[in-house]
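Worksheet: the structure to be examined is printed underneath.
The values are calculated or read from the model by the stated rules, or taken from the named source; none is laboratory data. Computed from a predicted model, the values in this text were never measured in an experiment. Cβ placement follows ideal geometry from the backbone for every residue including glycine, while neighbour counts extend to all protein chains displayed.
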Amino acid sequence: MPQTDRPVPITPLPQFEADVAELEAERERAEAILRSVPSTVVVKFGAMRMVGEFPYAGDVRPGCGSRLVCRTHRGTELGELLTSTCPNAGCGSSVTRKEMLEYIEASGGRQYPFHADGKALRVATKEDMDRQAKIEAEAPEMLRAASEIVKRLGLDMTLVQAEQILGGERTTLYYTSEDRIDFRALIQELRPIVHARVEMRQVGARDEARLTADYERCGQYCCCKSFLKVLKPVSMKSAKVQKATLDPLKISGRCGRLMCCLRYEDQTYDDLRKNLPHRKSKVGTPEGDGIVIESQILTQLVLVSLDADERRIAVPVEDLTEPGLAPPKRAPEPAPRRREPERRPEGDGQGDANAPSKKKRRRRRRGPRTEGEPAGEGNATEHTDRPAPQNNAPGENAGSGEGGAPRKKRRRRRRRRGPGGGGGEGPSAPGSPGAPPAG
């Protein structure tokens with residue numbers, strides 16, 4: 001059949017078209033969520049960093065960290081947006097109300113400073129920010145004037161901080177004291193100066209650090225000022241369980257109390273400690289029964305002294321059993337150390353009598369060996385300076401001058417010990433003076 005140049009028609013597949021339509025619909029829903037205004041917002045307000053969930057009906061969608069003008073149970077004040085609550089938490093900067101309530105319950109429950117009686121009015125303008133900055137600049141002068149009145153009245157209290165809200169409806173003075181104080185006279189003298197309702201609030205050492213402290217020795221912002229809302233007491237037991245130092249100067253915070261971070265891992269240490277046996281209790285190990293001497297919480301190791309040989313071994317918790325169940329294993333005896341023979345350098349004149357190979361000595365000659373000279377053992381380092389005997393064999397020249405034969409060297413016999421242990425000389429070498437005639 002003849003080929004044609006007609007283009008091949010492209011037929012869209014129904015499943016691919018459905019996927020594209022679903023993707024476009026999901027994208028439109030996400031954009032609608034981002035454009036929508038949240039029903040409620042969670043803000044942080046006040047010097048004590050209280051948290052509130054307020055409805056918001058403004059036209060501008062605020063972002064995390066935005067400043068909002070809110071009406072709270074204290075009056076009109078400035079707050080900071082933490083997050084927004086959406087029914088489905090579609091965007092990354094919002095949570096559901098259920099998640100928020102679960103977080104509050106896990107962080108302290110009823111002790112958590114949470115308020116819901118209020119309303120977020122609008123996003124703060126430049127005029128609101130300038131007014132708030134002016135109020136904060138006047139707070140130190142107000143605190144100084146109030147401290148002078150306290151000193152004049154002779155009240156046993158220490159003023160920590162003065163806080164005035166944006167609307168000017170209320171001024172709060174935070175103070176510390178060991179006893180209850182009658183401050184009615186103080187309030188009467190402060191009203192003409194403050195021109196607002198004065199509220200006195202007593203705080204403890206930890207709340208004082210929340211108001212005045214900044215950075216801790218770890219280099220981080222103080223937990224009580226950044227995120228910690230419920231300040232529970234910390235006992236010395238937590239420091240002992242966590243094997244921390246017991247020096248109060250090293251485990252105390254800016255407030256002078258034990259650091260709050262000792263409480264973070266306290267529950268974990270309690271759970272891990274329940275798995276460990278008590279000290280001086282009987283346990284079974286793969287190598288036999290023993291008594292617990294010490295244990296480590298984080299590594300989950302137990303130091304056991306075995307009953308069989310009193311060895312101390314570290315055993316994981318999962319390997320421990322009831323005493324008497326595991327068959328005891330004897331410790332392998334250490335192999336005796338093999339003593340190597342002492343080696344002497346070659347050429348040492350003091351040899352061992354049991355080692356004949358060490359007796360041998362090399363002989364050095366100054367000239368070539370003459371014919372008829374017996375080859376034997378000799379000391380290469382010993383040479384005799386005695387004159388040659390006069391009864392030389394015929395045909396031999398006794399001298400060693402020019403034109404004569406080389407002079408023979410004398411060899412010495414080693415002294416041998418007799419059977420009685422005394423030292424005696426052996427038979428003289430042939431040819432030496434005093435030797436019996438040969439043959």
Which count do you get for residues in the range 237-284 that are under 30 Å from E318 (Cα atoms), touching a strand residue (DSSP E or B) at 6+ places or on another chain (Cβ under 8 Å) and at pLDDT 90 or above? 9
Among the residues of the range 63-89, the number that are at negative phi and under 41 Å from the mean Cα position of the chain (by Cα) is 13
(1) of a type in the set (A, V, I, L, M); (2) part of a helix (DSSP H, G or I); (3) within 23 Å of G204 (Cβ to Cβ) all hold for A137 apart from (3)
Under 7 Å by Cβ, and 6 or more places apart or on different chains, what pairs join a residue from the range 164-179 that is at negative phi with one that is basic (K, R) and not in a strand (DSSP E or B)? I165/R74; L166/R131; R170/R74
